[in-house]
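Enquirer: Once you've had a glance at the structure underneath, I'll fire off some questions.
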There are 2 protein chains.
Amino acid sequence: MSFDWVDRGVTARGVSERRFDARRAGRVIPGVLWMPEDPPDAPPPLVLMGHGGSAHKRQDYIVGLGRRLVRHHGFAAVAIDGPVHGDRRADAGTDIEAVNKDFWRTWRDDPAMTDEMVADWRAVLDALQEPGRLGAGPVGWWGLSMGTILGLPVVAAEARVSVAVLGLMGLTGPTRDRLRDDAAAVRCPVLFLVQWDDELFERQRGLDLFSALGADDKRLHANPGGHVQVPFDEFRATEEFLVSHLRVQE
Amino acid sequence: MSFDWVDRGVTARGVSERRFDARRAGRVIPGVLWMPEDPPDAPPPLVLMGHGGSAHKRQDYIVGLGRRLVRHHGFAAVAIDGPVHGDRRADAGTDIEAVNKDFWRTWRDDPAMTDEMVADWRAVLDALQEPGRLGAGPVGWWGLSMGTILGLPVVAAEARVSVAVLGLMGLTGPTRDRLRDDAAAVRCPVLFLVQWDDELFERQRGLDLFSALGADDKRLHANPGGHVQVPFDEFRATEEFLVSHLRVQE
């Protein structure tokens with residue numbers, strides 16, 4: 001396991017963004033960390049952000065959420081590329097159709113995909129929580145669609161994750177049995193999003209996944225529209241949900 | 001049509017509460033108005049609050065919501081007793097079992113019940129919007145369970161209502177066809193609540209009613225638990241939803 005900064009970082013409006021590569025079991029894990037320009041006194045809350053299918057760690061809404069969490073709340077936020085996504089590919093994920101096709105094939109054919117991503121996230125979290133980096137503050141998860149396919153297992157496996165935003169996914173697809181089992185194991189508060197007219201993952205399967213969540217404190221927010229039409233103010237609600245649970249009491 | 005204050009009102013912490021009786025078509029409409037102690041410069045936003053079955057216009061959460069809307073936001077809020085509820089009864093609604101039984105019978109046997117309540121609410125709104133009282137500010141609806149059975153038709157019929165909180169009800173019961181038609185006619189933004197384990201109105205019927213709402217801007221919030229177990233912070237979310245839509249831009 002190793003962790004190396006890839007660049008010297010860029011800073012804008014109080015937010016530093018820096019590329020890293022972690023390495024584990026022969027895999028390179030390309031990631032981006034957003035953090036306050038001025039190092040905070042205490043370890044800041046950290047949000048792990050899982051991007052959607054065919055995208056990458058610097059997807060627009062990932063960058064936006066990461067920057068907002070840092071700038072408005074003093075948090076840190078991190079994203080890594082999903083399997084066969086982004087900088088895990090020779091083409092850096094520029095061929096979106098190829099990424100999409102590869103992901104669905106990997107999801108179907110590689111039974112280790114989920115466990116490998118869980119291990120990647122844990123390795124990155126371990127590295128970031130080292131004292132010289134962020135330290136061990138409270139941790140949250142944010143991930144919709146593929147960010148739930150691969151993130152719900154992280155939330156279920158990782159006791160350090162104390163709150164999660166999930167959704168745009170259901171009890172469906174090649175790993176639906178795994179998702180059902182992992183959902184039952186989730187104990188932290190969850191905000192779960194459903195798009196009422198989701199053309200990719202059927203509404204009822206999403207409701208079923210919400211039902212399967214083992215958390216006592218869970219809530220479902222549903223909005224009209226298709227898979228990628230989550231309203232702007234719902235995105236804001238996910239941010240507020242994380243902040244309200246992770247904010248360090250003063 | 002007449003409107004008379006029944007008492008001189010009581011004022012606490014900046015909030016005045018005053019009983020009134022409106023009269024229309026031979027019916028007495030007992031109501032309570034909450035308003036700022038100091039008359040505002042402009043007509044304040046007004047929230048119409050429909051209470052739940054077997055309760056009355058001063059149900060705990062109605063009083064709480066009304067007082068909060070006034071105290072924290074400078075709004076006004078009004079509640080009237082539902083059919084065969086509260087001061088519409090000789091026993092003032094103290095015999096909850098009798099109220100409940102009478103309501104279900106009226107719902108089943110009196111095809112005019114909904115229209116009469118819609119007319120009651122319109123008469124009260126007309127009276128309150130007169131210049132000597134509140135004047136004609138923006139208007140919202142808040143009503144769950146029976147407050148949706150009787151309130152969804154108000155929202156559908158009344159163009160002055162520009163935002164609504166509805167829920168804990170579904171496409172079910174004696175007036176389900178009416179509710180379906182009225183839902184389709186709703187055009188204002190709606191926050192719709194569902195209790196995931198509602199023992200009174202089946203979850204799927206609630207989801208169906210949300211689907212039937214004609215509003216482009218609608219959202220569903222669901223929480224685990226039974227019919228009367230809406231979490232405290234969800235109540236707060238309904239308040240914020242109304243305030244964000246009704247607050248007069250400064």
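The values are calculated or read from the model by the stated rules, or taken from the named source; none is laboratory data. Just so you know, these numbers come straight off a predicted model, no measurement behind them. Methodologically, a virtual Cβ is constructed for each residue, glycine included, from the backbone with ideal geometry; neighbour enumeration extends over all protein chains shown. What goes into the accessible areas is simple: the full protein's heavy atoms, side chains included, and nothing from ligands, DNA or RNA. Shrake-Rupley method; radii C 1.70, N 1.55, O 1.52, S 1.80 Å.
Enquirer: To the nearest 20 debye, what charge dipole does the protein assembly as shown have about its Cα centre, counting +1 at the Cβ of each Lys and Arg and -1 at the Cβ of each Asp and Glu?
Expert: It comes to approximately 340 debye.
Enquirer: For the pair A:TRP104 and B:GLU116, what calculated FRET efficiency results from E = 1/(1 + (r/R0)^6), where r is the Cβ-Cβ distance and R0 = 60 Å, to the nearest 0.05?
Expert: For R0 = 60 Å, the calculated efficiency reads 0.60.
Enquirer: Please report the buried accessible area for the interface of B with A, total over both chains, probe 1.4 Å, in Å² to the nearest 100.
Expert: Summing both sides, the interface buries roughly 1300 Å².
Enquirer: Measure out, as a whole number of angstrom, how far apart the alpha-carbon centroids of the range A:115-175 and the range A:190-229 sit.
Expert: Their Cα centres are 18 Å away from one another.
Enquirer: Now, a different point. Estimate the FRET efficiency between B:TYR61 and A:ARG180 by the formula 1/(1 + (r/R0)^6), using the beta-carbon distance for r and 41 Å for R0, to the nearest 0.05.
Expert: Calculated transfer efficiency: 0.70.
Enquirer: Can I ask one more? Among A:PRO174, A:GLY66, B:LEU191, pick out the residue whose Cα is farthest towards the positive end of the charge dipole of the protein assembly as shown, where Lys and Arg carry +1 and Asp and Glu carry -1 on C-beta, about the Cα centre.
Expert: Most positive-ward Cα: A:GLY66.
Enquirer: Quick one: accessible surface of A:ARG18, probe radius 1.4 Å, all protein chains present, in square angstrom to the nearest 10.
Expert: Per-residue accessible area (A:ARG18): approximately 70 Å².
Enquirer: How shielded is A:229-240 by partner chains, expressed as the average number of their Cβ atoms within 10 Å of its Cβ atoms?
Expert: Other-chain Cβ atoms within 10 Å of each residue's Cβ, averaged: 1.
Enquirer: I've got another one for you. Give me the dipole magnitude in Debye, nearest 20, for the range B:60-111 about the Cα centre, with unit charges on the beta carbon: positive for Lys and Arg, negative for Asp and Glu. Walk me through the numbers on the way to the answer.
Expert: Values: 8 positive and 9 negative charges, 70 e Å.
The dipole of the range B:60-111 has a size of about 340 debye.
Enquirer: Let me ask another. A:ASP38 accessible area, nearest 10 Å², 1.4 Å probe?
Expert: Roll a 1.4 Å probe over it and A:ASP38 shows about 120 Å².
Enquirer: Right, next: Any chance you could list the semi-axes, whole Å, largest first, of the equivalent ellipsoid that the Cα gyration tensor gives for chain A, using √(5λ)?
Expert: 26, 21, 17
Enquirer: Please report how far the C-alpha centroid of the range B:94-109 lies from that of the range A:32-70, rounded to the nearest whole angstrom.
Expert: 55 Å
Enquirer: Treat every Asp and Glu Cβ in the range A:75-234 as -1 and every Lys and Arg Cβ as +1, leave all other atoms uncharged, and give the resulting dipole magnitude about the Cα centre to the nearest 20 debye.
Expert: Dipole about the Cα centre, nearest 20: 340 debye.
Enquirer: Moving on. Counting only protein heavy atoms, probe 1.4 Å: which residues of the range A:199-224 lose 30 Å² or more of accessible surface in the full assembly compared with their chain by itself?
Expert: So the qualifying set is A:LEU207, A:PHE210, A:SER211, A:LYS218, A:ARG219, A:LEU220, A:HIS221, A:ALA222, A:PRO224.
Enquirer: List the lysines whose Cα lies under 20 Å from the Cα of B:LYS57, skipping any in the same chain that are fewer than 8 positions away.
Expert: Here the lysines satisfying the reach criterion relative to B:LYS57 are B:LYS101.
Enquirer: Then there is this: For the range A:40-180, which whole percent of the accessible surface, found with a 1.4 angstrom probe, sits on carbon and sulfur atoms?
Expert: After summing per-atom areas, the C and S share lands at 49 percent.
Enquirer: Let me ask something else. Take the alpha-carbon positions of the range B:63-122, form their convex hull, and give its projected area averaged over all directions (one quarter of the hull surface) in nm².
Expert: With the hull built on Cα positions only, its mean projection is 5.0 nm².
Enquirer: Let's test the formula: R0 of 41 Å, r as the Cβ-Cβ distance of B:HIS72 and A:ALA90. What FRET efficiency results, to the nearest 0.05?
Expert: On the way: r = 57 Å, r/R0 = 1.39.
Computed FRET efficiency for B:HIS72 and A:ALA90: 0.10.
Enquirer: List, shortest first and in nm to one decimal, how far the label point of B:MET1 (7 Å from Cα along Cα→Cβ) is from its counterparts in the other copies.
Expert: 7.2
Enquirer: Right, next: With respect to the axis carrying B onto A, what is the closest chain B residue by Cβ position, and how many angstrom separate it from the axis?
Expert: Residue plus distance in Å, as requested: B:HIS221, 3.
Enquirer: Okay, next question. Taking Rh as the Kirkwood radius computed over C-alpha pairs, what is the Stokes-Einstein D of the protein assembly as shown at 4 °C in a medium of viscosity 1.567 mPa s, expressed in µm² per second? Mind showing how you got there, number by number?
Expert: Numbers: Rh = 24.8 Å.
For the chosen part, D equals 52 µm²/s.
Enquirer: Counting only heavy atoms of protein chains, what accessible area per residue, in Å², does the range A:98-250 have with a probe of 1.4 Å?
Expert: 40 Å²
Enquirer: Can I ask one more? Using 7 Å Cα-to-Cβ label points, what is the B:THR11/B:ARG23 separation (nm, one decimal)?
Expert: Going by the 7 Å Cα→Cβ label model, 2.9 nm.
Enquirer: Go from 0 up to the bin containing the longest alpha carbon distance in the range B:165-250, width 5 Å each, and give me the % of pairs per bin.
Expert: With 5 Å bins starting at 0, P(r) equals 3, 15, 24, 22, 19, 11, 3, 2, 1.
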